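Everything on this sheet refers to the single structure shown next.
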């Protein structure tokens, strides 16, 4: 079966699967740490409410059979442990069918999370992880040579990621065609990294060269993936270099890391021997007939499902980051079809002053810009979901409508799960009386301003984003049991205030009698 087996891609398969397992681990870790505030039973967009209105056929998930916060946590932690085991190579000593079952279980667990994740999981890299994860199920382990048809499907996926991103830019914002988008991108991207300030201040001719190189790598180089070696490997290495540049310049969750993994799957042993000291390729026995049949069936399924993504690529009304099936098996990708010229940030503040006249203090997030003197941090491939959605909220309040007021309501109760998503809570002892949101314009300082002030950002207030509100106005956005707890706390405070008042009255009465 020389047409089926490709032993010269043994190391490429291993590199792809290990890096994919690492990305899976990041996804499950983020789910385990963040879900209670975002999606839990008491979260901003509770999964039980979503399941009540969306049937299984529209969003396949294990949670349709049963949901509980403990079950979600157990599922996410199981996925994390399984990902780490596969990262360590646990699939290789197993029988072929058992190894495939492990990768399939990982895919089912993450699909269950994504399909109930609502707006928190509406990112292209979620579908990319699921599509790549589904292909990994059929790649086999050390018991069989890598199947050549699956390796071609990985190239087809990589082609759609890169070419789709290139087309959406060329068809979108005119600054891409003028090669000027990178005058703004490093400053206005969703979550800058620690080197973004330096990338932003590169000379403008270099920004133009950066944009031109991006067009070449995304619009021309992807065709090289389907040419003979070593051209295909050369094309993949160019993509790896571009993705490493993007990793250094910003925080894009695991999009770039997963693209690197796909590119590594293209490298044959002949190419890798120029980079690494490798021994000869092992001799594999013939693959089992059931395995060949399973791979062939999945290849035919992917080819059939590829029609709509291909038609989308050719359409002048191209859509980016679109899933064409409920299982996310074949999708469309793309990023930054338009680039913002200015950066706006929503700054959430609270005060203990019930009149809101003074005492306003800002909440700080882990990743999104806040305090001007704080250098942006590197978080990718870990994904800070609330921070990313706050960037969209600054662009338009419509992006934040489903979850922003629930967020404020939880800050007004010092909800511990929500506060764990933040870097700084200015009211650790007792919740604020009021919260508000202000829209600020941010820009990177220049070198002179940085030396003089120590600030990486310059910001100025633009307008109010959300007027001051208290818990009385937002109680409807709290779960029923939290509302009951709030009412109990209010009645308790009223009783204590009454008791203090009666105590003062008795004391004054005693003083009055003594004076008489």
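Just so you know, all these numbers are worked out from the coordinates, no wet-lab data involved. What you see is a predicted model; the values in this text were computed from it and never measured. In this analysis, Cβ positions are derived from the backbone assuming ideal geometry, glycine residues included, and neighbour counts consider all displayed protein chains.
Listing for the model above:
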item: Gain on full stretching of the segment that runs from residue 338 to residue 56 - 0.36 nm per residue minus C-alpha separation; result: 98.1 nm
item: Cβ-Cβ FRET estimate between residue 315 and residue 226, R0 fixed at 25 Å, reported to 0.05; result: 0.70
item: Difference of contour (0.36 nm per residue) and Cα-Cα distance, residue 283 to residue 85; result: 68.7 nm
item: Residues 142, 353 arranged by fewest to most Cβ contacts within 10 Å; result: 353, 142
item: Footprinting exposure proxy for 208, 178 (fewest neighbouring C-beta atoms within 10 Å first); result: 178, 208
item: Percent RCO, i.e. relative contact order, over the chain, from Cα pairs under 8 Å lying at least 6 residues apart; result: 18
item: Expected 222 nm ellipticity per residue - DSSP helices of 4 or more, -39500 (n - 2.57), all of the chain, to 500; result: -16500 deg cm²/dmol
item: Approximate spin-label separation residue 245-residue 449, in nm, with each point projected 7 Å along Cα-to-Cβ; result: 2.6
item: Mean Cα-pair separation over length for region 343-477, i.e. relative contact order, pairs under 8 Å, 6 or more apart, %; result: 33
item: Gyration tensor (alpha-carbon) shape descriptor, region 216-280, a/c threshold 1.5; result: oblate
item: Compactness index (Cα Rg / 2.2 N^0.38 Å), region 343-477; result: 1.06
item: The chain: angle of helix 96-114 to the longest principal axis, Cα-based, in degrees nearest 10; result: 40
item: Structure-derived Kirkwood radius over Cα pairs in Å - corresponding label in [x] 25.5; [y] 23.6; [z] 28.7; result: [x]
item: Efficiency of FRET from Cβ geometry, residue 366 and residue 303, R₀ 56 Å, rounded to 0.05; result: 0.85
item: Neighbour-count ranking [beta-carbon atoms within 10 angstrom, fewest first] of 242, 119; result: 119, 242
item: Full-extension gain in nm, residue 41 to residue 414, via 0.36 nm per residue minus C-alpha separation; result: 132.6 nm
